[in-house]
Amino acid sequence: MNRSSGEFGSFLGTPATAPGPSGPAMLREFGQIRGNPLDYLERMWREHGDVVQFPIPRPPSYLVNDPDAVRLVLVDQARSFGKSTIQYRALSLVTGEGLLTSDGDVWRRQRRMVQPAFHHETLAQLTDHIERASAAVVSSWNQAGAGAVVDIDVAMMHATLEVVGHALFGSDLSGDAAALADATLDALDVVVARARVPVTPPAWVPSPANRRLNGANTVLDGAVRRMLADRRESPSLTHDMLDMLMSVRDEDGIGLSAEEIRNQMVTFIVAGHETVASALTWAFALLAAHPREQESLHAELVDVVRDEPLTIDDYSRLTRTRAVFDEALRLYPPAWLITRKAHAQTELGGRDVPAESLVILSPWLLHRHPALWRSPEEFRPSRFIDDDIDRSAFLPFGAGPRMCIGRDFAYVEGVLMLARLASRFEVSYPDGSGVPATDPLVTIRPAGGLRLRITRRG
Ligand code: HEM
């Protein structure tokens, strides 16, 4: 039996202050929660409302999808909510105390120092890397032959790793740079696999997973040490993000330590690779399911995209392409889960939330809230062109002080790559199937990949 609003009872001494599933109901659904936690969160929101409490005593755990409460957590009272949650602690096994996982004064110093790496100059340089990675995809799809079926998810994962790798390390993507990227993804795999198992041994137990994680971290640390030593000996001429991390100083003239540089590089690979790949993959999945939208997009691309490399000026002319990318980010926000720990007792959506509670937010749910969006389930890119939306309800990059530092990077990359590929190829489902089911991992991925037929445009 589920708890309903009114009298909520308690779980092992922790008062229940909001509606939600009962302990036995949640236990029965354990398999489904592990299989697709996002489906489960959506069902709980639709059944119980905008604030749901799960029957977990420690920490008290709330799903919050009340628009004002989400704003309060991320923006208005951001300092009262920290990142010491199970989600970010797991990620920090890979990233260390980097920008994504740190808190308080450590985070504030890092953010100030790292911000310049994302300024306009970096974005203008980025277009070369994007064009090179897009050209490699075009060439491999051309080689696949007329009407071939390709896995878009695999292609996008590969292309976005190229882009973030080149932005970080300049032209040299072999040797230590490649080892660093591979070891980062390897370590991330272990962390994701651990999250799917109910009980994981502590990091010091030499289990196969922990050995793999430690091995990847050792490779990572070695690659970073050698790269820093090489750069100190012969500075690069490219002014990539690694140069910037090595030269930046705080107001006391102190630079980032080798460990801090390592943590930020790994953070950028983790945060900036799969997220953009996921957004692009879903954009193609949605376009293939909506041929009329695909043709409207193509009409813009015929005007803007030529054989010459796309530039930052072209980016500002790609209004419909950006709207398609935004609508994909709305329906399939790659970062589907944002968690915080409440530092003090507070009220969210009219419910008491005790200190130390886990607060779970999900852009996926907020982007489907019927009070905020007209026909939320429909793929309608023009809503972003007509400005028929409440921008504060659109949070694919989070909000407030912890908002994504790579937002502009992601837009330039996503929009230019989509423009280049969609100008050359039409996509369709080979077997009459439709948009695949979701597999929510670090980002939302298509279950079983995304196999689409690509047809070269004349
Ligand atoms: C479509 C692509 C992307 C999406 C959807 C996305 C989403 C997000 C979200 C939701 C957050 C906030 C998390 C929170 O509040 O707990 C975030 C933070 C962050 N993102 Fe992104 N991101 C994307 C691309 C990138 C790129 C390209 C980079 C870097 C190259 C990047 C680096 C970061 C970093 C470092 C943070 C932590 C910022 C801080 O706390 O100061 N992201 N991202």
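At a glance:
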{"quantity": "Distance (nanometres) between label positions extended 7 Å along Cα→Cβ at residue 120 and residue 433", "calculated": "4.6"}
{"quantity": "Principal axis dimensions, the stretch 56-98 - Cα atoms, whole angstrom, descending", "calculated": "33, 26, 16"}
{"quantity": "Portion, in percent, of the accessible area of the stretch 328-458 that falls on carbon or sulfur, probe 1.4 Å", "calculated": "48"}
{"quantity": "Student exercise, the chain dipole from Lys, Arg, Asp, Glu Cβ charges, in Debye to nearest 20", "calculated": "1020"}
{"quantity": "Residue-wise HN-Hα coupling along the stretch 63-72, computed from phi with Karplus coefficients 6.51, -1.76, 1.60 (Hz; x: Gly, Pro)", "calculated": "9, 10, 10, 7, x, 5, 5, 4, 4, 4"}
{"quantity": "Surface/4 estimate of mean projected area, convex hull on alpha-carbon atoms of the stretch 72-203, nm²", "calculated": "12.2"}
{"quantity": "Within-11-Å neighbourhood charge of residue 216 [Cβ basis; K, R +1; D, E -1]", "calculated": "-2"}
{"quantity": "The chain - percent relative contact order, Cα under 8 Å, separation 6 or more", "calculated": "24"}
{"quantity": "Loop-located trypsin sites (Lys or Arg not before Pro) in the stretch 347-442, at most 10 other Cβ atoms within 10 Å (DSSP)", "calculated": "374"}
{"quantity": "Solvent-accessible area, 1.4 Å probe, carbon plus sulfur percent, for the stretch 113-265", "calculated": "57"}
{"quantity": "Semi-axes of the equivalent ellipsoid for the stretch 320-366, Cα gyration tensor, largest first, Å", "calculated": "31, 10, 7"}
{"quantity": "Largest-first principal axis extents of the Cα set of the stretch 117-174 (Å)", "calculated": "41, 20, 18"}
{"quantity": "Dipole of the stretch 211-292, positive end: most advanced residue of 235, 281, 257 [Cβ charges, Cα centre]", "calculated": "281"}
{"quantity": "Normalised alpha carbon radius of gyration of the stretch 74-144 [divisor 2.2 N^0.38 Å]", "calculated": "1.65"}
{"quantity": "Carbon/sulfur fraction of accessible area - the stretch 30-69, other protein chains in place, 1.4 Å, %", "calculated": "54"}
{"quantity": "Shape of the chain, Cα gyration tensor, a/c cut at 1.5", "calculated": "oblate"}
{"quantity": "Cα gyration tensor shape of the stretch 217-359, rounded if a/c is under 1.5, else prolate or oblate by comparing a/b with b/c", "calculated": "oblate"}
{"quantity": "Measure of compaction for the stretch 317-458 (Cα Rg per 2.2 N^0.38 Å)", "calculated": "1.23"}
{"quantity": "Table column - 3J(HN,Hα) (Hz), the stretch 293-308, Karplus curve with 6.51, -1.76, 1.60, x for Gly and Pro", "calculated": "5, 5, 5, 4, 5, 4, 4, 5, 5, 4, 6, 9, 8, 10, 6, 5"}
{"quantity": "For the chain, with +1 on Lys and Arg beta carbons and -1 on Asp and Glu, the positive-most of 14, 213, 343 along the dipole", "calculated": "14"}
{"quantity": "Charge tally in the Cβ shell below 12 Å around residue 46, where Lys, Arg are +1 and Asp, Glu are -1, residue 46 excluded", "calculated": "-2"}
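The values are calculated or read from the model by the stated rules, or taken from the named source; none is laboratory data. Since the model is a prediction, treat every value here as computed from it, not as a measurement. Note that we place each Cβ from the backbone using ideal geometry, even for glycine, and neighbour counts take in every protein chain shown. The area values use the complete protein model at the heavy-atom level, side chains included, leaving out ligands, DNA and RNA. Shrake-Rupley method; radii C 1.70, N 1.55, O 1.52, S 1.80 Å.
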